[in-house]
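The block underneath contains the structure these notes are about, expressed in structure tokens.
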Amino acid sequence: MILSDKKILESLEKGEIIIEPFKRECLGTNSYDVHLGKYLGIYEDEILDAKKHNTIREIEIPEEGYIILPGTLYLGVTEEYTETHNSVPFLEGKSSVGRLGIDIHATAGKGDVGFCNTWTLEISCVHPVRVYAGMPIGQLIYFMVDGDIENYYNKKKNAKYNERTIKPVESMMWKNKF
């Protein structure tokens, strides 16, 4: 079951969902709009290795915007810090962003109960597009969980994305044992 605007507000009041900064005008019928933060990251190496720490070069989006290009994966970040303690957050792109040919996540649109951070975006595009810090980029949708939770994300010892940040975070796949 997807939370309605009223249920999202109730969860905010109870501290079950936290959105910072929260702007009432960003609350939709059953979602909350999030915005592109001021930092992008681009992997430094042309060939990425899943067993290696692949570092990123940081870009601060200037006031006049930044042109993203096809064939490059950009890691972005939401302006909003979120916490979700009673529901599963899903991040989807806004239709207006999709109509510009921008995808905001390659595979990782679902969060976990207990996720407490900004959202790293896996941005790609089909043709050059100028993007701006602060532009609406996606929407969070919250699904209720059925049953008790044993393993909250923010309490897992092996959680790789718990450190609070305002910058995009590169893949931590290299920390897995395989």
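GNM remark for the chain: springs join alpha carbons under 10 Å apart, and the peak mean-square fluctuation among Tyr39, Tyr152, Tyr161 falls on Tyr152. From the Kirkwood radius over Cα pairs of the chain, Stokes-Einstein at 10 °C and 1.306 mPa s returns a whole-number translational diffusion coefficient of 93 µm²/s.
Just to confirm the filter: which GluC sites (Glu not before Pro) across region 1-55 are DSSP coil and have at most 10 other Cβ within 10 angstrom of their Cβ? Those that pass, being in a loop and sparsely packed, are Glu46. The helix-only estimate of mean residue ellipticity at 222 nm for the chain, built from DSSP H runs of length n ≥ 4 each weighted as -39500 (n - 2.57), is -2000 deg cm²/dmol after division by the residue total.
Region 7-50 and region 67-94 have Cα centres spaced 6 Å apart.
Note on Val145 and Leu48: the model spin-label points, each 7 Å out from Cα along the C-beta direction, lie 2.7 nm apart. Pairs from the list Lys110/Lys175; Lys110/Lys155; Lys23/Lys94; Lys7/Lys38 with a Cα-Cα gap above 23 Å: Lys7/Lys38.
Any read-out appearing in this document is the output of simple, stated calculations on the displayed coordinates, not a laboratory observation. Since the model is a prediction, treat every value here as computed from it, not as a measurement. Because the Cβ atoms are built from the backbone with ideal geometry, glycine has one as well, and the counts that use them run over all protein chains shown.
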